1. So for the chain, taking the charge dipole from beta-carbon charges (+1 Lys/Arg, -1 Asp/Glu), which of 313, 112, 395 sits furthest toward the positive end?
2. From a point 7 Å beyond the Cα of residue 396 in the direction of its Cβ, which residues of segment 465-482 have a backbone N at a distance under 17 Å?
3. Mind checking the per residue accessible area of segment 62-212 for me, 1.4 Å probe, whole number of Å²?
4. To the nearest 20 debye, what charge dipole does segment 339-445 have about its Cα centre, counting +1 at the Cβ of each Lys and Arg and -1 at the Cβ of each Asp and Glu?
5. Towards the positive end of the charge dipole of the chain, with charges on Cβ (+1 Lys, Arg; -1 Asp, Glu), say which of 480, 462, 365 has the farthest Cα.
6. Pairs of alpha-carbon atoms within less than 8 angstrom and 6+ residues apart define the contacts here; what relative contact order does segment 384-510 have, in percent?
7. Using a 1.4 angstrom probe on the protein heavy atoms only, could you order 416, 105 from most to least accessible area?
8. Just to check I understand the Karplus step: with θ = phi - 60° and J = 6.51 cos²θ - 1.76 cosθ + 1.60, what whole-Hz values come out for segment 320-333, glycine and proline as x?
Amino acid sequence: MEKREHWGSRIGLILAMAGNAVGLGNFLRFPTQAAQNGGGVFMIPYMISLLLIAIPLMWVEWGIGRYGGVRGHGTTPAIFGLLWKNPLSRYVGVLGLFVPFVVACYYVYIESWTLGYAFFALAGKLPQVAASGAASSEEYLRPFREFLARYTGMRGGGLYHPSLAAYLFFLLTMLLNYLILVKGISGGIERFAKVAMPVLFGLAIVLMMRVITLKTPHGSAVEGLNFLWEPKWHQLANPRVWLAAAGQVFFTLSLGFGAIITYASYLKRNDDLTLSALTASSLNEFAEIILGGSIAIPAAAAFFGVAAAQTIAASGAFNLAFVSLPAIFANLPAGSLLGFFWFILLFFAGITSSVAITQPVIAFLEDEFRWSRTRAVTATVLLLLALAHLPILLPKALDEMDFWAGTFFVVVFALCEVLVFFWAFEPSAAWREINRGGLIKLPRVFFFIMRYVTPFFLSIITGWWLFRELPDYLRGTSPVVWVTRGVLAAIFLGFVLLVHLSRKENRHGR
């Protein structure tokens, strides 16, 4: 067995894991979900889901990763084969390659928007409109919507036609991801996380402090916080609020993507797992609840009023990030600098996540086919570059890829993880693996939660998607959507073939 890389320090590991979790969703998806699902009431199912689903599953993924890593494997096809002695195990593990790779195909493109917007904000090239001259918030926001449409080319019928600037910033973003990944775990990902994460938190705190002091004739940021966190108790009985909260804590920690398992595979046999995982999770929750909840929606409420903030929240994360916030900063002192801070913050949040979700395929090629780091990274990034043109050019491809890889199969794969580790594998051995070398020992109640409660709730979420959401989603789709689904099926089958070939490689080469 060839020697695998390891993390250089515990702080580097925690920051890299936090970087994987802290992404665009912390600053965009969370506030819109909270605003649309009961405000302060949303936090009740959110915290329950965090305790019963997210944190236990986080420990499960770290345990699976370290177990495989000390045996020379960093991805789920091989690790599931070690845990579950069944011919199907490796093919169930294919989801641990398919999900992060497909998400990376569109995530890197959105990430590149933030880099492009950061440049345009600093250069003063974003729309400059006086708020006093607009008859309504919609009229004021129109130039910013048009700028986004021109930049991405996502308007009208037929294929999208992104601007030259959008495409060049996409290529630059791909290059930056490549340069980080090719330098390895400790020399690339860890070193970058040690710089990017402190900068990210620093920028977020500066923006939060500036937003909290906002006050205009339309309202104040404090009113925005009241709107966001005032509990709407009647919504607590709505099952969709509970599902939205469970989904948010699930996605915010990047669970079910395979990336945490791969990152954890670079731990040493007796490295701490329990406290490190909890610390990384806590950093993510601080970024989401304290910082993410205190920037976008409060700023919108202060500038446009609470009623308009509700409409903005309902318009989705993209409009919030690339339309509403630039419009607000445009009418503040040092607005160009604040806009730059906002978008470079989102860029750092994005790139620390994109390198994480690209790493599983790289690790698979290194571990199972014994490719060099450079060869594995180059092949993965080139394939990613090619397939990213699907969401760049094809209408509805981004939504389709996000539904299957970023929503549906994430939950299915997470359920598979906990069933394999605590049911197909020996549960007492799984519990020992999680606690070995830990700076804290988990209370025994978490054994019961991981073995019974977490899979129970994941089964409910999976069942809801299968029987309530999936039929509606499949009904009445266009031929363009089926093209995307065909490509996704081809990617999945391609990974199945690679897993099959890797078994032969391991039989003959080891």
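1. About the Cα centre, the residue reaching furthest to the positive side is 112.
2. Counting only backbone N, you get 470-482.
3. 38
4. In total the dipole reaches around 380 debye.
5. 365
6. 36
7. Heavy-atom accessible area, descending, gives 416, 105.
8. 4, 6, 9, 10, 5, 5, x, 5, 5, 4, 4, 10, 10, x
The values are calculated or read from the model by the stated rules, or taken from the named source; none is laboratory data. In this text, all values refer to a predicted model and were calculated from it rather than measured experimentally. Quick reminder, even Gly has a Cβ in these numbers, built from the backbone with ideal geometry, and neighbours come from all protein chains shown. Only protein heavy atoms, including side chains, enter the accessible area calculation; ligands, DNA and RNA are left aside. Shrake-Rupley method; radii C 1.70, N 1.55, O 1.52, S 1.80 Å.
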